[in-house]
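Beneath this line is the structure, given in structure tokens, with notes to follow.
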Number of protein chains: 2
Amino acid sequence: MKNYNKALFAGMVFTALSGCQNQTNDTQVTKIENTKDNAVSQQLVLKALDSSLGYEIVESLTVEVGPRLAGSEKDIIAVEWAMDKLKSLGFDKVYKESVQVPAWYRGSAKASITAPYEQPLVITALGGSVSTPEEGIQANIVRFDTLADLQAADPELVKGKIAFIDHKTERHISGKGYGKSVGGRSRGAVAAAEKGAVAVVIRSIGTDHDRMAHTGMMRYKDGVKKIPAAALSAPDADMINSMLKRDDNITLSLNLTSKNLGVATSYNVIAEVTGSSKPEEIVLIGAHLDSWDEGTGAIDDGAGVAIVTAAAKLIQDLPQKPARTIRVVLYAAEEVGLVGGKAYVKQHIDELEKHYIAAESDFGAGRIYQIDFNVNPNVFEQVQLEHQSMTINGVKLGNNKASGGPDVSMMPGLGVPVASLRQDGTDYFDYHHTPNDTLDKIDPKALAQNVAAYAQFAYIMAQSELDLRPLAKKEPK
Amino acid sequence: MKNYNKALFAGMVFTALSGCQNQTNDTQVTKIENTKDNAVSQQLVLKALDSSLGYEIVESLTVEVGPRLAGSEKDIIAVEWAMDKLKSLGFDKVYKESVQVPAWYRGSAKASITAPYEQPLVITALGGSVSTPEEGIQANIVRFDTLADLQAADPELVKGKIAFIDHKTERHISGKGYGKSVGGRSRGAVAAAEKGAVAVVIRSIGTDHDRMAHTGMMRYKDGVKKIPAAALSAPDADMINSMLKRDDNITLSLNLTSKNLGVATSYNVIAEVTGSSKPEEIVLIGAHLDSWDEGTGAIDDGAGVAIVTAAAKLIQDLPQKPARTIRVVLYAAEEVGLVGGKAYVKQHIDELEKHYIAAESDFGAGRIYQIDFNVNPNVFEQVQLEHQSMTINGVKLGNNKASGGPDVSMMPGLGVPVASLRQDGTDYFDYHHTPNDTLDKIDPKALAQNVAAYAQFAYIMAQSELDLRPLAKKEPK
């Protein structure tokens with residue numbers, strides 16, 4: 001391909017990709033300069049779209065490992081899987097770094113309405129929840145539209161009851177509905193306990209109508225009683241609302257056997273494509289290896305693991321390596337509090353100034369429609385210019401307000417530039433943290449489009465001669 | 001409305017329904033004669049589409065009763081609910097007839113792959129299955145595309161193994177894919193046991209990709225060993241296929257605690273709108289009251305209960321009752337072998353000649369797109385002519401090959417004419433017999449369209465002066 005006429009090649013890419021373009025609304029394809037880097041970037045797209053490697057990786061992880069809750073036996077099996085997989089792909093370096101992670105045992109979760117009508121419920125324990133007493137908890141429920149309503153409630157209304165936070169999650173391509181409702185999951189138990197509740201149940205933080213509950217992390221607070229916390233499926237939450245129209249007194253029986261198991265050892269698993277001329281400078285592309293234990297962790301975050309690994313492998317296989325090192329980080333224990341991400345910046349604190357830019361893929365396998373950055377505002381337009389070849393893959397050039405993804409979200413505060421490759425998350429919260437997070441929810445073509453975008457981003461950034469620092473000071477909210 | 005200009009009224013109906021028309025492909029609206037019966041039939045459509053009674057009934061049943069497995073305590077609560085509901089609606093007669101039904105205890109169902117990779121599976125016991133031994137069954141699986149393939153297999157391949165029937169159910173508006181795959185559920189255990197298998201597991205008979213297994217009835221055969229039978233969710237069946245690509249030896253661990261509990265008493269619950277001039281002649285519209293126990297029995301068959309009850313109520317409330325009696329039959333124990341339907345024809349054998357026509361609603365709440373009959377071929381065209389007013393509700397006039405629905409399917413063999421009001425079942429088998437069979441899967445507008453169609457059908461047939469008998473002799477298959 002080296003001697004190929006570049007203009008002809010660019011035309012070929014346009015033709016080959018015209019199908020993809022049509023699938024993206026508001027597509028922006030800009031004129032792409034005939035540079036060598038742009039030619040390589042466009043080659044990477046063609047190779048990515050023609051390869052099934054990304055899908056093979058997520059298939060392998062979900063079939064051969066499956067659920068891999070941080071701190072569990074399966075978590076270690078996942079680490080071994082990742083080491084083997086990265087080694088077998090022939091990266092220049094493969095290693096792991098230990099991380100201390102909280103371990104939690106799910107146990108069983110049972111609930112039913114016992115009055116005014118007996119009805120079994122479909123629930124799941126929230127991650128980190130304590131158990132109920134062995135005999136369970138039976139109490140009337142008190143319903144709130146939102147966490148804020150619970151926080152504002154008269155404690156007399158809540159005392160001795162099970163607080164029910166009924167916040168519906170709105171569907172949106174960006175997933176922004178999640179941010180609005182998830183506080184009820186993470187902080188509901190504290191708010192409920194502060195008002196004297198004996199337990200908290202929430203409408204699942206999800207956009208589906210499946211009779212499956214969405215798990216996810218919840219937190220306790222020192223000095224506030226730890227009460228059990230669970231999520232109901234959407235149809236069960238609807239049923240309680242129907243009952244409340246008939247009777248204010250709804251009695252719920254709840255039995256959880258979950259428990260916290262202290263601290264376990266897990267690992268951030270890392271692979272590198274060594275840079276040709278600036279090997280000490282790092283372009284970090286990450287995803288998290290752990291998953292919740294209800295599904296097989298396909299969209300969260302097997303997809304991300306596959307995307308960044310397959311993207312780096314495309315670069316590993318280039319005849320000429322880019323200037324900087326591409327570092328793939330498969331983070332430990334994201335789900336239980338960004339534990340691997342926090343450990344990474346701690347362990348690499350002295351090296352952070354050599355991190356040129358970082359990005360994480362952790363939003364399923366929906367197509368990437370936009371790339372945002374957080375770089376020095378003075379070079380932002382030039383950075384966008386360098387990424388023009390991403391538009392042929394359906395990726396718009398967005399804004400300079402990126403956070404970079406959960407496990408790299410602490411990096412901008414430490415001066416490290418980041419990018420966010422925005423995925424179509426319209427259906428992400430239908431499956432997120434449920435038994436339905438399985439391989440069949442991944443569209444291989446959309447996954448390959450993600451691989452292409454990450455490969456382009458990583459390659460372009462590894463070659464760039466721009467100085468991306470310092471970042472703009474964060475505006476106070 | 002009595003003195004309303006009929007032509008104007010017909011025009012009004014057309015205008016009011018134009019929205020509905022657009023929702024149905026291949027709509028056939030024929031010229032409708034200006035008769036009094038047609039005017040009433042069209043009034044019934046308007047009233048049905050303007051009423052939420054059908055939705056209120058299925059909401060009430062699913063919220064106040066929920067799952068109601070034949071022979072269980074909840075089954076009796078459902079019978080009480082039905083008696084109360086039908087009485088409260090003011091039908092001329094409300095009564096129940098006892099039926100002996102098989103009772104079965106679901107217990108728990110657990111399964112996992114133990115080799116080559118440990119993976120938990122989502123399964124459900126098939127209705128009527130025996131338990132495993134207390135310690136469960138651990139055996140290698142042997143996979144078959146279809147029941148027929150299992151039946152044709154060399155017993156040496158099956159002996160001592162768990163037979164896995166992996167038949168995918170095809171999606172179709174008529175639901176015809178179910179008929180092709182369901183044999184594996186009902187007859188798989190016998191076929192597997194005859195070859196020496198220790199258990200049978202099937203890919204769920206469903207069209208979804210949800211991680212939920214579809215239950216449903218299975219049968220044993222005298223003289224053949226009773227082996228445990230369970231269904232896997234589609235993603236779990238997919239996972240096993242992925243493992244089989246890597247390793248022929250897949251070990252499955254299965255533990256069921258289900259058991260048969262002998263015979264219990266249930267009831268067919270019946271309501272009547274007494275005919276004005278031929279009260280002894282009966283137009284039967286039925287549905288089944290029992291449900292599987294995984295969901296709340298909304299689409300199967302709370303919807304049918306709502307549709308036929310609300311339709312009859314519209315006729316009950318007419319200023320002038322039709323000639324014949326409308327009999328609503330809410331059948332017991334359909335799911336476990338059409339038990340209520342068979343009991344009804346036995347108990348009413350002497351009265352069957354007075355059954356003018358019968359139809360059952362048991363296919364969810366999708367819109368009715370066609371009405372088929374099984375009547376004397378000599379009057380078929382006249383029967384269609386009488387039903388022309390159904391076309392304004394989006395219902396095409398179909399063929400003369402109806403079976404009438406599960407609980408009335410034995411009636412044509414006994415000389416009773418039947419009709420099948422064909423519903424759009426495109427997504428019916430996504431939810432059928434799973435925890436996902438809940439109220440939110442019902443579109444209130446589509447339900448009301450069903451109510452309108454059943455009200456028209458029942459009214460027209462209760463007024464008809466045609467002799468629908470004798471039926472055509474059934475052609476040998």
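Points to keep in mind about this one:
- Some residue of segment B:274-281 being in contact with a helix residue (DSSP H, G or I) (Cβ under 8 Å, 6 or more places away or on another chain), of a type in the set (G, A, S) and touching a residue at least 24 places away in the same chain (Cβ under 8 Å): yes
- Taking strands (runs of 3 or more DSSP E) as the structural unit, those lying wholly within segment B:52-149 and holding at least 3 residues that are within 30 Å of B:T274 (Cα to Cα) and either of a type in the set (D, E, K, R) or not assigned by TED's automatic domain parsing to the domain that holds B:G302 (or both) correspond to B:93-105.
- If you filter segment A:229-251 down to residues that are more than 10 Å from A:I123 (Cβ to Cβ) and in a strand (DSSP E or B), you find that the one that is farthest from the other protein chains (Cβ to nearest Cβ) is A:A229.
- With respect to the conditions (1) assigned by TED's automatic domain parsing to the domain that holds B:I32; (2) touching a residue at least 60 places away in the same chain (Cβ under 8 Å); (3) crowded, with 17+ Cβ neighbours inside 10 Å; (4) over 14 Å from the mean Cα position of the chain (by Cα), B:D443 lacks only one, and its number is (3).
- Some residue of segment A:171-189 being surrounded by fewer than 22 Cβ atoms within 10 Å (Cβ to Cβ), in contact with a Lys or Arg (Cβ under 9 Å, 6 or more places away or on another chain), assigned to a loop (DSSP other than H, G, I, E, B) and not assigned by TED's automatic domain parsing to the domain that holds A:G425: yes
- Selection count where residues are surrounded by fewer than 24 Cβ atoms within 10 Å (Cβ to Cβ) and touching a His at 6+ places or on another chain (Cβ under 8 Å), scope segment A:373-416: 2
- Subset of segment A:422-472 that is among the β-branched types (V, I, T) and part of a helix (DSSP H, G or I) - its residue that is nearest to the other protein chains (Cβ to nearest Cβ): A:V451
- A:E64 surrounded by fewer than 21 Cβ atoms within 10 Å (Cβ to Cβ), of a type in the set (D, E, K, R) and modelled with pLDDT of 95 or more: yes
- B:E381, sole failed condition from (1) among the acidic types (D, E); (2) in contact (Cβ under 8 Å) with a residue 40 or more places away in the chain; (3) more than 14 Å from chain A (Cβ to nearest Cβ); (4) farther than 23 Å from B:A312 by Cα: (2)
- Residue check, A:G184 over 24 Å from B:N436 (Cα atoms) and either within 14 Å of another protein chain (Cβ to nearest Cβ) or in contact with a His (Cβ under 7 Å, 6 or more places away or on another chain) (or both): yes
- Meets criteria (within 14 Å of another protein chain (Cβ to nearest Cβ) and under 28 Å from A:L244 (Cα atoms)) for A:K74: no
- Scope segment B:118-135; condition in contact with a Gly (Cβ under 7 Å, 6 or more places away or on another chain) and either within 14 Å of chain A (Cβ to nearest Cβ) or free of Cβ contacts under 8 Å to residues at least 12 places away in the same chain (or both); matching residues: B:Q119
- Hits in segment B:194-205 (condition: outside any strand (DSSP E or B) and either polar (S, T, N, Q) or within 13 Å of chain A (Cβ to nearest Cβ) (or both)): B:S204
- The set of residues in segment A:170-211 being closer than 23 Å to A:Q370 by Cα and of a type outside the set (K, R) consists of A:E170, A:H172, A:I173, A:S174, A:G175, A:G177, A:Y178, A:G179, A:T207.
- For A:T215, the conditions (1) farther than 17 Å from A:S108 by Cα; (2) assigned to a loop (DSSP other than H, G, I, E, B); (3) of a type in the set (S, T, Y) all hold with the exception of (1).
- Cβ-Cβ distances below 6 Å connect the following pairs, each with a first residue in segment A:140-153 that is on the phi < 0 side of the Ramachandran plot, a second residue that is loosely packed, with under 15 Cβ neighbours inside 10 Å, and a separation of six or more residues or different chains: A:N140/A:N249; A:V142/A:L157.
- So B:P406, is it within 15 Å of the chain's Cα centre (by Cα) and either farther than 17 Å from B:R367 by Cβ or acidic (D, E) (or both): yes
- When B:Y220 is tested against the conditions (1) under 18 Å from B:F429 (Cβ atoms); (2) more than 14 Å from chain A (Cβ to nearest Cβ); (3) surrounded by fewer than 24 Cβ atoms within 10 Å (Cβ to Cβ), the lone failure is (1).
- For B:E97, the criteria (1) over 23 Å from the mean Cα position of the chain (by Cα); (2) away from chain A (no Cβ under 14 Å) hold in every case but one, which is (1).
- Only one of the numbered conditions (1) surrounded by fewer than 19 Cβ atoms within 10 Å (Cβ to Cβ); (2) of a type in the set (D, E, K, R); (3) more than 17 Å from A:K226 (Cα to Cα) is violated by A:D166, and that is (1).
- Top-ranked residue of segment B:264-296 - restricted to ones that are more than 24 Å from the chain's Cα centre (by Cα) and part of a strand (DSSP E or B), ranked as farthest from B:L338 (Cα to Cα): B:K278
- A single member of B:D407, B:D362 is in contact with a Pro (Cβ under 9 Å, 6 or more places away or on another chain) and closer than 22 Å to B:I205 by Cα, and it is B:D362.
- Boolean, B:A152 is of a type in the set (A, V, I, L, M, F, W, C) and over 17 Å from B:M218 (Cβ atoms): yes
The values are calculated or read from the model by the stated rules, or taken from the named source; none is laboratory data. Just so it is clear, the model here is predicted, and its values are computed rather than measured. A quick note on method: Cβ atoms are made from the backbone with ideal geometry, for glycine too, and the neighbour counts reach across all protein chains shown.
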